[in-house]
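Working notes for the structure below.
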Amino acid sequence: MPRVVSLPPRFSGAPFLASEAVAAGLGRERLRGRDLSAPFRGVRVAESARDGEGLAFLERCRALQLLLGPEDAFSHVTTARLWDVPLPRRLEGEHPLHVATRRPGTRTRLTGTVGHTLAADAEFAERFGLSVTDPAATWMALAAFLQPIELVIAADHLVLTPRVQDPVDERPFVPLPMLVDAVRRHSGRHIRVLRSAVELVRDGAESAQETRLRLALVDAGLPEPLLNVDVTDARGRFLGRGDMVYPEWGVIVEYDGDHHRTDARQYDKDLTRHEAFTLSGWRHVRVRRFGMAEGPTSGVARTEAALRSAGWRPGRVEKSPLRPNPAGWT
C-alpha cells in the first residue's frame, strides 16, 4: 500500500485551493486522497476540518470564499446565518450558499450556490473573516424568504443593543435609525412589506419569542410595552429587568424559555425575582410556550386582565415617549 503523503500544516486545518497545493509540491493524485473532500470545484478540505456530519456551515463558507473575487460577497439567507439571525426551521440545515456580486451582468454559478446581483455601489461588511452584505441589505433581502412576523424578528435581532456588550462582537449590528434609513432609500422588490415590517421593529427584544409576544400584545389592541427596562420599587430600589414593562399600570410581562424550567439555579432566581416584583406591587405575567396560543389562559388574555385590574381601559393606548414611530411614514 503506498504511503500517504502528509499534508503541510497550512493545508491540514482549513480549506485550501488545489492549485496552491500543487504549487507547494503536492501531486494531483494526493489531492484525490480519501482524507480530503472537495466541497467546491478546485477546493479541498482535510478530514480534520470536518465534523461527524460533514463540513460545518462556517467552513463551507470559508471554502467558497477562496473562489470569490473582491466584487463578491455572501448574501441573503447565508449572510443572515452568519449574522446569527433567528430563522424558521424551514431555512435551517444544509442549503446552497447565497452569493451576490457587484459585477454587472454576472452572477456566481458554482455548484452548491445561488447567485445574485447587486448594485455596483453596494457596500460589503466582514463577518468571521468573510465578505458579506451589510446587515441592512441582508435584512431587506430576507423579505423574499420570510413571513412578515419572521421579518420583524430578524430585524429585532439585528438592531438589538444588549445591556452587556461582547467586546469581540459589538452590537447592534445595525442601529434602528440606519435600518429605517436603508428602507427609505430602497426602491426594489418587497418595498411595501419592508416598510410595514420596519414600523414594528424595536431595539430591546432579546429573543424571537419576546418579539412574537410583543407583536401579539399590540395586535390585540393593548398598549405597547417598554422593552427590557429596569424595574424598581417605590423607594427606587432595583428589583430586576423586565422583558416588557408597563410602568404606568405597574405590569410586567415576560416570556420564559425552557431554560427557566430546566436550569435549577435559574428557576430559583426566577422565584425570588417574582416575589420581589409582586411584594412591591407589580403585576407579573409570565408566559411560556403554550401561553403563546389564543384563549382565556393565553399570555395576551392574562396581560389584558392585569392591565384592566390596574385601571387600563381600551382607548387608553398612549404611546410611550421612549417608543415613538421609528420610521415616521406619512
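The values are calculated or read from the model by the stated rules, or taken from the named source; none is laboratory data. It should be emphasised that the depicted structure is a prediction, and the values quoted were computed from it without experimental measurement. All Cβ positions, glycine included, derive from the backbone under ideal geometry; neighbour counts span all protein chains shown.
Structure notes:
- The set of residues in the range 96-115 being of a type outside the set (A, V, I, L, M) and closer than 22 Å to Pro86 by Cβ consists of Pro96, His98.
- Within the range 174-229, the set of residues being of a type in the set (Val, Ile, Thr) and crowded, with 20+ Cβ neighbours inside 10 Å comprises Val174, Val180, Val183, Val198, Val201, Thr211.
- Single match in Leu151, Leu110 (criterion: touching a residue at least 40 places away in the same chain (Cβ under 8 Å) and part of a loop (DSSP other than H, G, I, E, B)): Leu110
- Only one of Val251, Val198 that is at pLDDT 95 or above, in contact with a strand residue (DSSP E or B) (Cβ under 7 Å, 6 or more places away or on another chain) and not small (Gly, Ala, Ser): Val251
- So Asp156, is it more than 21 Å from Arg241 (Cβ to Cβ), assigned to a helix (DSSP H, G or I) and either modelled with pLDDT of 95 or more or touching a Phe, Trp or Tyr at 6+ places or on another chain (Cβ under 8 Å) (or both): no
- Within the range 230-247, the set of residues being of a type in the set (A, V, I, L, M) and surrounded by 15 or more Cβ atoms within 10 Å (Cβ to Cβ) comprises Val231, Leu239, Met244, Val245.
- For the range 46-77, the tally of residues that are at pLDDT 90 or above and not in a loop (DSSP other than H, G, I, E, B) stands at 14.
- Any hit, the range 192-204, residues being at positive phi and within 14 Å of the chain's Cα centre (by Cα): yes
- Out of Glu206, Glu224, one residue alone is acidic (Asp, Glu) and modelled with pLDDT of 95 or more. It is Glu224.
- Look at the range 241-253: where a residue is at positive phi and a partner is part of a strand (DSSP E or B) and surrounded by 19 or more Cβ atoms within 10 Å (Cβ to Cβ), sitting 6+ places away or on another chain with Cβ atoms under 9 Å, you get Gly250/Arg283.
- Residues of the range 198-222 that turn out to be part of a loop (DSSP other than H, G, I, E, B) and polar (S, T, N, Q), as a count: 1
- Residues in the range 289-301 that are under 17 Å from Thr211 (Cβ atoms) and at pLDDT below 90: Arg289, Gly291, Met292, Ala293.
- Residues in the range 78-105 that are within 18 Å of Asp156 (Cα to Cα) and part of a loop (DSSP other than H, G, I, E, B) were compared, and the one that is nearest to the chain's Cα centre (by Cα) is Val85.
- The sole residue among Thr78, Thr106 that is of a type in the set (Val, Ile, Thr), surrounded by fewer than 17 Cβ atoms within 10 Å (Cβ to Cβ) and either closer than 26 Å to Leu17 by Cα or in contact with a Lys or Arg (Cβ under 9 Å, 6 or more places away or on another chain) (or both) is Thr106.
- Flag for Ala73 being in the same structural domain as Ala136 (by TED's automatic domain parsing) and touching a Ser or Thr at 6+ places or on another chain (Cβ under 7 Å): yes
- Inclusion of Val132 among residues that are farther than 18 Å from Leu82 by Cα, assigned by TED's automatic domain parsing to the domain that holds His76 and outside any helix (DSSP H, G or I) is not warranted.
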